[in-house]
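In what follows, a structure is listed as structure tokens, so that the remarks can point back to it.
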Amino acid sequence: MAPTPQPGIFAAALAEHAYLEFDRRPGVDARELFAALTAVGEPMPAAGAINVVVGVRPSLWEPVVATDFTEPVAGPDGFTMPATQHDAWLWLSGADRTALFDYTRAALAVLDPVAICASEVSGWVYHHDRDLTGFIDGTENPPRSLAPTVAAVAEGPAAGCCVALIQQWRHDSGAFEVLSVAEQEAVIGRTKADSVELDDAHKPPTSHVARTVIEKDGEELKIFRRNTAYGSVREHGTMFVGFCAQQYPLAEMLRRMAGVGDGVRDALTRYTAPVTGAYYVIPPVEALARLAP
Ligand code: HEM
């Protein structure tokens, strides 16, 4: 039977999210880190219904599925997406903030002997399916029935693995909100109220949609996105969480957003700035089970 991608990737959207990144403590090897990560998915006393997804630094995982995010993505005009790779990624989500808080604390305690928490971000679902720009996010996602085909390696030694791109984007909401709705729609490439794609005559080549629709050999390359809003009233943005069976579409979308190659930078990057960037391999359930102590 084909290995099973971690089910939390495809779970119905829950309201509350916690994203944490970790680095190994000195002297801890990859196997010890993996063993501790498998324990995070075990039921904990404080658990409500919490989805758990764990990822590992690509260079720690065999067979090779992806490479680390070690080089910033630098556009031609000085615009840069930072590289902030860590050793492990934990994505916990739940319907109830209290249960998620308790579970996340318990997860940290499990990992504490082997890893230091390097970053922690709290996300939540804003107006059902909207990004903090006010636009619907996820319209062009593959339907859940097809998402595993897009997100996970289908066959071979890495079957069931997913590549995740995790990028925290901080919005300049004030700058975006002074634009008219028509100007905002030109930035995204879709209408604000109901997410209808603008026709070619009205969709600028700099629009986010125009930059992230990519093709190879005449076929559109898809990814599966699970973004949420994060932050506080004064400091907030998008937690970009994207999955794909290959690294190429994710990396190519980033290059196109930054204007690498053709110099056309995504208009969205004028109103929101990436503050982190890392790739993780999300091993299948069976591989994690084998790594359990
Ligand atoms: C602040 C960061 C971002 C925001 C606010 C944002 C928001 C949006 C919105 C509103 C849409 C249109 C609706 C939809 O189809 O979901 C969209 C589409 C899309 N975005 Fe983003 N996005 C962000 C970053 C990224 C990044 C980093 C990538 C890729 C690495 C990406 C890839 C895509 C793709 C593939 C589509 C669908 C294009 C299509 O097929 O029409 N986005 N995004």
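Bear in mind these aren't lab numbers, they're just calculated from the coordinates by the rules spelled out. Everything numeric here is computed off the predicted structure, so don't read it as measured data. No Cβ is skipped: glycine too gets one built from the backbone with ideal geometry, and neighbour counts run over all protein chains shown.
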Going residue by residue through the range 124-132, is there one that turns out to be in contact with a Lys or Arg (Cβ under 9 Å, 6 or more places away or on another chain), of a type outside the set (A, V, I, L, M, F, W, C) and buried (at least 16 other Cβ atoms within 10 Å of the Cβ)? no
Are any of the residues in the range 36-48 in contact with a strand residue (DSSP E or B) (Cβ under 8 Å, 6 or more places away or on another chain) and acidic (D, E)? no
Could you list, in sequence order, the residues of the range 137-146 that are within 16 Å of the ligand (Cβ to nearest atom) and surrounded by fewer than 19 Cβ atoms within 10 Å (Cβ to Cβ)? G138, T139, E140, N141, P142, P143, R144, L146
What's the total number of residues in the range 83-120 that are part of a loop (DSSP other than H, G, I, E, B) and surrounded by fewer than 17 Cβ atoms within 10 Å (Cβ to Cβ)? 5
Here the residues within the range 252-278 that are within 8 Å of the ligand (Cβ to nearest atom) and aliphatic (A, V, I, L, M) are M253, L254, M257, L268
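How many residues, within the range 73-97, are in contact (Cβ under 8 Å) with a residue 40 or more places away in the chain and over 18 Å from I282 (Cα atoms)?
14
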Scan of the range 147-173 for residues that are surrounded by 15 or more Cβ atoms within 10 Å (Cβ to Cβ) and assigned to a helix (DSSP H, G or I), ordered by number: A147, P148, V150, A151, S173
Kindly indicate whether any position in the range 250-273 is in contact with a Phe, Trp or Tyr (Cβ under 7 Å, 6 or more places away or on another chain), in contact (Cβ under 8 Å) with a residue 40 or more places away in the chain and within 22 Å of A18 (Cβ to Cβ). yes
Can you tell me which residue within the range 227-251, out of those that are of a type in the set (G, A, S) and assigned to a strand (DSSP E or B), is farthest from the ligand (Cβ to nearest atom)? G231
